[in-house]
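Have a look at the structure below, then the notes.
The values are calculated or read from the model by the stated rules, or taken from the named source; none is laboratory data. These figures come from a predicted structure and were not determined experimentally. For neighbour counting, all protein chains shown are included, and Cβ atoms are generated from backbone atoms with ideal geometry for every residue, glycine included. Please note that ligands, DNA and RNA were not included when accessible areas were found on the heavy atoms of the full protein model with its side chains. Shrake-Rupley method; radii C 1.70, N 1.55, O 1.52, S 1.80 Å.
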Amino acid sequence: MSTDSAEAPLAAGHHDLRRARRLVVKIGSALLVDEASGAVRRDWLDALSDDVAALSTAGCEVVLVSSGAIAVGRRHLGLTQNALKLEEKQAAAATGQIRLAHAYQESLARHDITVAQILLTLDDTEERRRHLNARSTLNTLLKLRTLPVINENDTVATSEIRVGDNDRLAARVAAMLGADTLVLLSDIDGLYSADPRSNPQADFIPEVAEVTPAIEAMAGAAPSDYSSGGMVTKLMAAKVATGAGCRMVITDGRRLNPLAAVMEGARCTWFLASVEPRTARKRWIAGSLKPSGKLLLDDGALKALGDGKSLLPAGVTAVEGSFQRGDAVQVCDGTGREIARGLAAYSAADARRIIGHKSREIEAILGYRGREELVHRDDLVVS
């Protein structure tokens, strides 16, 4: 299977945040919430919103992945003891999510930016059907110039509460959306050869081309306060993000305007991706997914695919196998020879009903309005 050029993304300025076109920013609880009062740090949030607005004005699509719901909600509910029971954490999250969303809405409204709240778990990014639904919703929000604020769905995702793995969640979101840049705002300014809090002689690492076992060995332990994860989960996030073609940066988020600081040269660690997101996704489709069925095409559809177009139902003559929406399928000529591979936008049962028909007829046939394409060109790899 052929894929796009493997040239490194943003090669002329891979340390320049201003070159980002789709940016995911992860915000830690300790940055956003005052530990003593449980209140949102409004001056910090307003400064971050100013950075986001500036990037948006420059043409960058921004997605925020935010911690802090439990830290905000626990104080409001009077849960001031150090150790909370699981159900108390979930209750705090349910209360805190509303307060957190309202804080983001108010702060970004100063720049006329519309905010949408999305609650996700790691399973939503990994289970195929839920992944597709979340990706479609987020892409639609971005197309409508709305800024998604993603929170872990702590009220139901008990494993995420125990692990506190919002770094990896942010990386999964970045991969899911084909983002080119992920920023982890942390309480440390980057990666060191050892934990600088316990080893003042630790060397700062400004750039990581690949997360090797030697790099992973540099990770320190997770902190014990409200923030969770530590360098271990940040390196896990780097592997997920860079594997999906998304560069990643760790920077100290405690200062005001932390994104502007990165653009002005503040110390941080960049993790580089060797391919662009589109290339990584195409490689994944071509080599990592087992096809569940076949689509046989007429000559007109074959020509359209050769011209870089999507596969429409009208050009499909037969459907073989059993597959669901989002499954990989082989795309074949009339003899059954595979000429492409892609992700089906419809199940096999629905595909059989709409093949040979114009896209405008789909709603009348199926009773709902789906995609115009049976396989979109972004989900298609031609041999």
| said: Residues to consider are Leu272, Leu297, Leu305; find the one that is in contact with an Asp or Glu (Cβ under 8 Å, 6 or more places away or on another chain) and closer than 17 Å to His376 by Cβ. | reply: Leu297
| When you go through Ile354, Ile339 one by one, which is the residue that is more than 25 Å from the chain's Cα centre (by Cα), open to solvent by 10 Å² or more (accessible area, probe 1.4 Å), more than 26 Å from Met176 (Cβ to Cβ) and in contact (Cβ under 8 Å) with a residue 40 or more places away in the chain? | Ile339
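Every residue, every condition in (1) part of a helix (DSSP H, G or I); (2) touching a Cys at 6+ places or on another chain (Cβ under 7 Å), yes or no:
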residue: Leu23; (1), (2): no, yes
residue: Ala47; (1), (2): yes, no
residue: Gly59; (1), (2): no, no
residue: Arg74; (1), (2): yes, no
residue: Ala91; (1), (2): yes, no
residue: Leu100; (1), (2): yes, no
| Which listed residue, of Ser292, Ser274, is of a type in the set (Ser, Thr, Tyr), touching a residue at least 24 places away in the same chain (Cβ under 8 Å), within 20 Å of Ala237 (Cβ to Cβ) and open to solvent by 20 Å² or more (accessible area, probe 1.4 Å) | Ser274
| Can you tell me which residue in the stretch 199-230 is most open to solvent (accessible area, probe 1.4 Å), limited to those that are modelled with pLDDT of 85 or more and either within 30 Å of Ile70 (Cα to Cα) or of a type in the set (D, E, K, R) (or both)? | Glu210
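Suppose the filter is open to solvent by 40 Å² or more (accessible area, probe 1.4 Å), touching a residue at least 24 places away in the same chain (Cβ under 8 Å) and hydrophobic (A, V, I, L, M, F, W, C); does Ala101 pass it?
no
Just one of Ile70, Ile27 is under 24 Å from Met248 (Cβ atoms), surrounded by 24 or more Cβ atoms within 10 Å (Cβ to Cβ) and either under 21 Å from the mean Cα position of the chain (by Cα) or modelled with pLDDT under 90 (or both); which is it?
Criteria check complete, one pass: Ile27.
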